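Contents: one structure, followed by commentary.
The values are calculated or read from the model by the stated rules, or taken from the named source; none is laboratory data. A quick note: this is a predicted structure, and the numbers were derived from the prediction, not measured. Cβ coordinates were reconstructed from backbone atoms using ideal geometry, including for glycine residues, and neighbour counts include every protein chain displayed. Surface accessibility is based on the protein's heavy atoms, side chains included, excluding ligands, DNA and RNA. Shrake-Rupley method; radii C 1.70, N 1.55, O 1.52, S 1.80 Å.
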Protein chains: 2
Amino acid sequence: MSQELFNQIFHPRTVAVVGASTIDLESGWVVRLVNFGYPGRIYPVNPKASEIAGLKCYPTVRDIPEPVDLAIFNIPARLTPQAMQDCAARGVKIVHIFTAGFSETGKEEARKLEARVAEIARAGNVRVIGPNCMGVYYPAGGLTFSTTFAREAGTVSLVSQSGAGATRFVYLANDRHIYFSKVVSYGNALDLDAPDFLEYLAEDSETAIITCYIEGVRNGRRFMAAVKRCLQWKPVIIMKAGLTESGAGAAASHTASLAGSALVWDAFFRQTGAIRVDSLEEMADVVMALLRMKHVGGRRVGIVGRGGGIGVIATDVCERAGLKVPPFLPETQRQLEAISPEAGITVRNPVESAREIAGTADFYHRGLKIVDTDPQIDFIITHIAADIYGGRRQDMQTELLKAAEALAVTVPALTKPLAVVLYAGEHLETFSAMLRARDLLLKAGIAVYPSMEAAARAVAIFRRARDIEKNA
Amino acid sequence: MSQELFNQIFHPRTVAVVGASTIDLESGWVVRLVNFGYPGRIYPVNPKASEIAGLKCYPTVRDIPEPVDLAIFNIPARLTPQAMQDCAARGVKIVHIFTAGFSETGKEEARKLEARVAEIARAGNVRVIGPNCMGVYYPAGGLTFSTTFAREAGTVSLVSQSGAGATRFVYLANDRHIYFSKVVSYGNALDLDAPDFLEYLAEDSETAIITCYIEGVRNGRRFMAAVKRCLQWKPVIIMKAGLTESGAGAAASHTASLAGSALVWDAFFRQTGAIRVDSLEEMADVVMALLRMKHVGGRRVGIVGRGGGIGVIATDVCERAGLKVPPFLPETQRQLEAISPEAGITVRNPVESAREIAGTADFYHRGLKIVDTDPQIDFIITHIAADIYGGRRQDMQTELLKAAEALAVTVPALTKPLAVVLYAGEHLETFSAMLRARDLLLKAGIAVYPSMEAAARAVAIFRRARDIEKNA
């Protein structure tokens with residue numbers, strides 16, 4: 001696959017929006033590109049309008065006065081063959097067919113329509129993304145399929161068969177200050193398919209981590225080769241959907257995919273060493289670990305946080321995820337006990353930071369470095385139970401922020417990686433207070449998770465991949 | 001165990017707060033009871049004060065001018081023997097020892113102190129809750145250990161070895177409009193233990209569902225007998241913590257409990273038919289199912305919601321949880337297709353309500369009854385992806401509420417149970433919009449879950465218990 005093609009996909013000098021909407025301006029493709037800061041020229045195409053969002057509108061792509069790099073189709077499926085003819089005639093390089101209603105419907109005539117469009121594109125040297133997909137989000141180049149995605153660019157890329165899945169993942173990641181290099185939602189893939197994008201991203205200097213949402217692949221061998229090529233340079237995290245019987249049926253009516261058997265995919269993950277995740281949330285969790293916990297040297301965790309039942313549950317969660325929670329050395333326990341002002345505080349591992357949120361910041365200042373030096377552990381997870389002592393009262397919210405500030409100051413001086421769990425429950429004020437604390441921690445470069453389950457699983461998954469790598 | 005004892009626990013005519021705080025009034029026990037509307041008389045006890053929160057303060061319990069039903073100890077551990085002597089002398093019926101620093105510390109002297117207090121209580125005919133626990137939350141009687149718990153009373157009761165665990169569960173439940181009859185956090189249980197409370201709740205007419213957080217039990221046979229007695233009348237949901245090796249260690253230093261082996265507990269659940277859950281969140285999820293989804297007749301689910309990858313993922317999640325997602329009858333699919341205005345909408349099961357939130361309310365009005373009549377399914381889960389199309393824009397938030405209103409109107413007319421999944425992600429405005437929609441649904445008596453995982457697992461767990469019951 002040529003670099004030139006992908007340069008045109010991610011850096012089009014001109015974009016035509018075929019079927020530019022005259023009514024739904026705010027969420028239409030034209031205004032979306034304008035608002036997101038796309039720096040090239042935009043050509044709305046719609047025979048029923050002369051101007052859209054202040055831009056001159058053209059009846060067909062053929063009427064556009066300069067070469068078109070990328071055309072986005074936002075027209076009914078039945079009109080796509082003619083529009084593709086026009087694109088071929090005008091020398092358009094790439095068409096992104098947003099339109100749905102093709103082979104994914106399972107209907108013979110729709111399948112034929114898709115084949116006809118593919119044939120016209122091939123004959124006319126037009127490369128195609130889609131149909132039935134959201135296309136490209138490339139913040140560095142001002143391209144997006146949602147104006148509420150972050151403008152910040154990052155080093156994570158996503159190749160997704162699903163547009164809604166890609167949208168969910170980008171929002172989730174952005175809210176955790178994880179930013180993207182390139183996101184492609186490619187849908188039915190009548191031309192460009194997952195391996196094409198993966199091969200490109202393998203060499204892409206703007207991409208450090210590759211994530212992938214897959215329902216099914218056409219050519220397993222090619223997909224595997226592409227993933228292996230990526231893995232020579234960077235980690236690849238894959239969520240494979242449609243692995244259950246009914247899930248496979250749902251995948252078939254979504255992107256006309258053959259989902260493949262669970263056994264085949266088990267073998268795929270074993271052979272490639274790609275990191276397997278079971279949900280989009282888990283994918284975001286693992287990315288967080290790769291970005292901010294990459295120096296975790298083993299599975300032994302020191303748990304710091306509210307004790308009592310909350311500490312017992314946290315311990316169970318870590319062990320179930322495949323981590324170890326060994327007791328601290330007696331000397332560590334003695335030192336922790338010495339700095340604790342409260343009776344009945346546990347110090348064995350987990351260690352109780354404080355009964356109330358008010359003592360938490362103080363513990364972070366004095367206790368974290370004691371935990372950090374214990375040779376029994378490889379990393380630290382500290383959990384702040386914002387739900388039971390952080391958020392419902394104004395003074396508690398202030399203390400929660402103080403605890404976060406204490407972490408921002410103390411964590412950089414630790415020798416071992418540390419992740420923070422901020423659990424907020426489902427109360428609005430608590431959730432809002434938690435987000436403020438999270439923002440502060442994320443800005444300080446600290447890994448933050450919404451639950452002990454998420455943190456423990458993410459580190460365990462990432463460690464497992466590391467161990468496989470080492471043994472390979 | 002006599003009913004009279006529990007009448008005194010839950011309906012004390014007088015409460016003494018031993019070690020009433022003169023400084024931290026707002027979160028102290030005295031002001032807590034006053035603010036929560038406790039209707040009896042409160043006697044602060046503190047030799048260093050003459051008045052606390054406008055109430056006359058007494059130097060010791062002996063000086064209180066009338067009989068005391070319940071005394072709450074908020075004093076250092078070393079002062080508890082003397083205070084217990086005073087209670088025995090004054091004829092106090094029940095003492096709740098909030099104080100920690102006893103056998104849970106693992107220290108010999110602390111263990112001896114606990115034994116001494118137990119001895120004094122026994123000799124003086126004083127029954128004890130605790131030490132190292134939060135005591136009682138009984139909203140109908142104005143008793144609580146947190147003023148931010150709901151005043152509303154409900155039919156769920158909780159017996160919890162952990163105070164923080166109880167607090168987390170009550171908040172989580174309250175936020176989902178699940179209200180409590182009686183909650184007891186009993187800690188180290190030097191006298192009253194889980195079986196005592198369970199035996200009482202078995203017969204308690206105010207309790208319809210019993211939940212239980214357990215780290216370890218002293219007398220397995222007695223615990224099992226108590227749970228079986230409850231199960232004759234009402235469902236019992238148990239979260240057993242400390243089942244992993246390190247978790248058992250953490251439990252020992254929390255409530256001095258012997259956690260017991262995983263095998264023993266497997267057998268316990270098999271033999272009793274109690275419902276087993278792995279987290280406090282799952283406990284709340286199952287309670288929601290018992291309260292609002294109890295007529296689910298089997299495991300076959302019809303999924304309604306955003307399609308595409310989101311629908312494929314939802315299908316996988318349901319099947320993994322042990323539910324079935326069979327295709328709708330061809331006639332159902334035809335009818336669903338006939339009402340759909342959009343191309344490429346899937347109707348096989350899952351059925352796509354609408355691409356955008358704007359079409360969702362309309363689908364609920366027209367499509368739900370079609371799904372409801374399909375004989376292939378036993379119940380419906382509809383998921384609203386507030387994260388990708390509900391919350392980030394003001395108009396979307398309005399549409400989200402419209403969708404909830406449509407459900408409030410249409411669900412009562414359905415013949416099959418329906419649960420709603422409102423997934424909000426981690427964005428404040430989306431979360432806030434989700435909570436408004438949830439409130440509306442909960443008020444309409446509809447079961448609501450925060451994720452497809454939570455909904456699917458809750459119904460699967462509840463159905464499994466139902467099936468075991470039937471075969472027993």
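After finding the eigenvalues of the alpha carbon gyration tensor for segment A:9-60, what semi-axes result from the square roots of 5 times each, listed largest first in whole Å?
17, 13, 8
Any idea what angle helix B:360-372 forms with the longest principal axis of chain B, computed on alpha-carbon atoms, 0 to 90 degrees, nearest 10?
Helix B:360-372 sits roughly 90 degrees off the main axis of chain B.
Could you tell me what percent of the accessible area of segment A:373-417 is made up of carbon and sulfur, with a 1.4 Å probe and every protein chain present?
That share works out to 56 percent.
For peptide A:417-427, compute the average count of partner chain beta-carbon atoms within 10 Å of each residue's beta-carbon.
3
Using only protein heavy atoms and a 1.4 Å probe, report how much of B:Thr167 is accessible, in Å² to the nearest 10.
20 Å²
Rounded, prolate or oblate: which fits segment A:323-472, taking a ≥ b ≥ c as square roots of the Cα gyration tensor eigenvalues, rounded meaning a/c under 1.5, else prolate when a/b beats b/c?
oblate
Tell me what the protein assembly as shown gives for mean residue ellipticity at 222 nm when only DSSP H runs of n ≥ 4 count, each as -39,500 (n - 2.57), the sum divided by the residue total, rounded to 500 deg cm²/dmol.
So the calculated ellipticity at 222 nm is -13500 deg cm²/dmol.
Mind checking the angle between helix A:280-292 and chain A's longest principal axis? C-alpha axes, 0 to 90 degrees, to the nearest 10.
Taking Cα atoms only, the helix is inclined about 60 degrees.
Assigning unit charges at the beta carbon (Lys, Arg +1; Asp, Glu -1) and nothing else, what dipole magnitude in debye, to the nearest 20, does segment A:291-352 show about its Cα centre?
Around 400 debye, computed over segment A:291-352.
Going Cα to Cα from B:Lys48, which lysines come in below 16 Å? Please leave out same-chain ones fewer than 8 positions away.
B:Lys56
Pick out, in residue order, every one of the GluC sites (Glu not before Pro) in segment B:296-404 that is DSSP loop and has at most 16 other C-beta atoms within 10 Å; say none if there are none.
Qualifying residues, ordered by number: B:Glu342, B:Glu356.
Could you tell me the accessible area of B:His427 in Å² (1.4 Å probe, neighbours in place), rounded to the nearest ten?
Counting only protein heavy atoms, B:His427 exposes about 40 Å² to solvent.
Quick one: putting +1 on the C-beta of Lys and Arg, -1 on the C-beta of Asp and Glu, what dipole do you get for chain A around its Cα centre, in Debye to the nearest 20?
My answer is approximately 840 debye.
Can you give the FRET efficiency for B:Ala115 and A:Thr415, using 1/(1 + (r/R0)^6), R0 = 51 Å, r = Cβ-Cβ distance, to the nearest 0.05?
It comes to 0.75.
Roughly how many whole Å is it from the C-alpha centroid of segment B:179-246 to that of segment A:167-236?
50 Å
Please give every one of the aspartates and glutamates within straight-line cross-link reach of B:Lys93, meaning a C-alpha to C-alpha distance under 18 Å, and leave out same-chain neighbours fewer than 8 residues apart.
Cross-link targets: B:Glu4, B:Asp63, B:Glu66, B:Asp69, B:Glu119, B:Asp191, B:Asp193, B:Asp196.
Residues with beta-carbon under 13 Å from that of A:Leu113, excluding A:Leu113: net charge, scoring Lys, Arg +1 and Asp, Glu -1?
Here the charged neighbours net out to 0.
Using only Cα positions of the protein assembly as shown, each an equal point scatterer, no hydration layer, compute I(q)/I(0) via Debye at q = 0.05, 0.06, 0.10 Å⁻¹ and quote the log10 values to two decimals.
-0.32, -0.46, -1.15
Going Cα to Cα from A:Lys240, which lysines come in below 19 Å? Please leave out same-chain ones fewer than 8 positions away.
Within reach: A:Lys228.
Once B and A are treated as a pair rather than alone, how much accessible area drops out, both sides summed, in Å² to 100, probe 1.4 Å?
Chain pair B/A: roughly 5700 Å² of buried accessible area.
Under the rule of at least 5 residues apart or a separate chain, name every residue whose amide H is placed under 5 Å from the amide H of A:Leu143.
Hits under the 5 Å cutoff: A:Tyr138.
Dipole magnitude of segment A:205-281 about its Cα centre, charges +1 at Lys/Arg Cβ and -1 at Asp/Glu Cβ only, in debye to the nearest 20?
440 debye
Counting only residues 5 or more places away or on other chains, whose amide H sits under 5 Å from the amide H of A:Gly135 once H atoms are built in the peptide plane?
Those qualifying (amide H under 5 Å, at least 5 residues apart or on another chain) are A:Ser185.
Residues of segment B:365-437: accessible area per residue at 1.4 Å, in Å²?
33 Å²
Angle between the Cα long axis of helix B:330-339 and the longest principal axis of chain B, 0 to 90 degrees, nearest 10?
The two axes meet at around 90 degrees.
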